[in-house]
Amino acid sequence: MTGLPAVLRERVVIADGATGSLLDVMLGDELADRRDLVALDRPDIASQVILAYIEAGAEIIKTATFNANARSMKRFFSAGLPGQGPATDPETLARRLNEASAGIARAAVDVAVAADGRPRWVAGSVGPGSDAPSLGGSSYGELRDSYLPQMLGLIAGGADLVLIETVQDPLQAKAAIGALEEAGRVSGRTLPFIVSATVDGRGRMLSGADVRAFAAIIEPFQPLAIGLNCSGGPDELAPACGALAAVSSAPICIMPNAGLPRSSGGKVTWPLDAATFAARTGGMARRLGAAIVGGCCGTGPGHIAALVGIMAGAPAPVARPGRIFALASAFTSMPVAGSGKAGIFVIDERSNAAGSAAFKAIVKAGDFEAAARFVVDRAARGADAVDVSVAGSVRDERAAMVEIVSRAASVMVAAISIDSTDPEVIAAVLPLVGARPLVNSVNLEDTGKAVRLFDLARGFGAAVVCLAMDGLGPARDRATKLSICRRLYELALSRGLAPEDLLFDTAT
């Protein structure tokens with residue numbers, strides 16, 4: 001992807017508008033049920049949409065693949081709709097569809113760039129699907145597997161980046177990012193990505209996370225940008241966008257609807273005309289120093305052309321502050337000073353069976369529902385995080401931790417610290433947590449185990465406690481503690497973690 005990260009530091013980049021609402025008009029009622037297959041059924045219409053946005057001045061061009069994950073493709077097989085061609089299963093159809101759609105956008109963008117020399121980029125659109133994993137609709141693994149053929153198709157078709165948009169649940173975004181990373185390993189081509197959430201009138205996602213939690217959870221994955229889309233018009237989205245801009249270390253992306261939808265005579269309409277949408281969205285983007293601005297539902301080429309005019313001569317996007325150490329609960333972020341005691345981060349350890357007789361008794365009795373309630377209760381008592389450990393109290397530590405964390409993680413008001421020395425326990429629990437957890441802990445007694453734990457933390461966006469301990473046991477003097485911590489730091493960074501992902505415990 002030529003130049004986009006550098007361009008985002010220098011000027012505002014204009015993204016296109018809605019694809020689905022345009023396709024609804026162009027395809028008509030007869031093909032409405034097959035709108036998601038437009039790149040295969042009617043590539044000419046898919047191309048017309050892209051060309052209209054290029055002519056309007058859009059620089060980031062989205063593919064018509066919002067619903068093109070394998071889970072969503074199942075409906076075309078269960079409904080018996082004809083026209084899948086050689087696709088014999090949802091995974092194959094998803095891959096073909098995404099490759100075709102990205103290829104259509106790639107061809108149009110390349111022609112436009114060759115004609116006028118202006119840079120443009122193809123963004124593979126990846127929507128949330130209909131099942132929020134934090135609410136029990138699916139699992140991380142199921143979603144990741146569903147997104148994998150979509151990501152492989154977008155890469156094969158020539159996308160420059162992926163837009164993971166309309167995110168309703170941070171765990172869904174983690175699954176999409178995990179699939180993109182796996183697709184990069186399989187294909188040998190890694191794409192950058194933008195993550196954009198949708199929020200309600202309170203500024204919260206469907207899962208309950210606010211925008212501060214969203215930023216704390218997603219930024220460790222190092223997105224190209226982070227933002228909000230859909231959710232209402234620019235006026236409705238402005239408070240949440242302001243809150244996100246106040247805490248995000250990543251460039252900000254804003255893509256509102258053309259107002260709140262209205263229904264009349266069985267048709268959905270959008271109240272904001274092009275000039276009004278552009279004035280309000282452009283004004284918000286300028287105030288917040290956004291790096292990417294575009295449109296979502298109800299916007300069309302006219303809205304984007306007006307936005308291009310409004311944003312002409314806009315100042316460079318605001319330089320973002322550096323990322324700080326923060327965890328997140330299912331609902332909000334927990335920065336280092338988040339407890340109200342500046343510089344103090346409080347971790348409750350009463351849900352650790354090694355130090356709590358009450359919790360140990362509940363776990364030993366196998367009452368995991370009660371154990372989860374115990375954890376949730378401890379989280380409500382004011383700590384920034386709650387440490388959860390069952391080691392030594394049950395025969396199957398992995399199964400017990402899965403039972404407890406699966407019940408507690410999505411309803412805790414504090415962050416969760418996953419405490420185990422077994423990497424396989426950590427590996428089983430991390431996919432259950434949509435928040436930003438803490439892995440407790442990593443040391444250098446076994447370097448291979450340390451590498452495995454750091455890789456898991458990076459892959460799931462977790463922070464890590466690093467202990468000053470190596471093969472000789474806990475360090476006893478200052479020089480040895482510093483030496484071990486330095487080696488842990490260097491190893492963590494070599495595995496893709498950042499300094500803001502690490503806590504050091506030198507008292508061990």
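Just so it is clear, none of the values below were taken in a lab; they were calculated from the coordinates. Keep in mind that this is a model prediction, so the values were computed, not measured. Quick reminder, even Gly has a Cβ in these numbers, built from the backbone with ideal geometry, and neighbours come from all protein chains shown.
In table form, for the structure just shown:
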| item | result |
| --- | --- |
| Spatial separation of Cα centroids for segment 198-228 and segment 99-169, in angstrom | 19 |
| DSSP beta bridges in the chain [antiparallel fraction, %, rounded to 5] | 20 |
| By average C-beta atoms within 10 angstrom, highest first, the peptides 208-218, 191-201, 358-368, 53-63 | 208-218, 53-63, 191-201, 358-368 |
| Residues of segment 275-313 with amide N under 18 Å of a point placed 7 Å along Cα→Cβ from Arg9 | 290-292 |
| Built amide H within the under 5 Å cut-off of Leu502, gap 5+ | Val464 |
| Nitroxide proxy distance, nm - points 7 Å out along Cα→Cβ at Asp33 and Val318 | 4.9 |
| Ranked Thr508, Thr281, criterion: other C-beta atoms within 10 Å, fewest first | Thr508, Thr281 |
| Computed log₁₀ I(q)/I(0) - Debye formula, equal Cα scatterers, no solvent, segment 389-508, q 0.11, 0.14, 0.17 Å⁻¹ | -0.36, -0.57, -0.82 |
| Label-point separation, Glu445 to Ala365 (7 Å along Cα→Cβ), nm | 3.1 |
| Degrees, to the nearest 10: 397-408 long Cα axis against longest axis of the chain | 50 |
| Fraction of beta bridges assigned by DSSP in segment 326-505 that are antiparallel (%, nearest 5) | 25 |
| Relative contact order of the chain, pairs being alpha-carbon contacts under 8 Å that are 6 or more residues apart, as % | 12 |
| Packing-based order for 491-503, 265-277, 156-168, 175-187, using average beta carbon neighbours within 10 Å, highest first | 156-168, 175-187, 491-503, 265-277 |
| Whole-angstrom gap from segment 432-508 to segment 1-68, using each part's C-alpha centre | 43 |
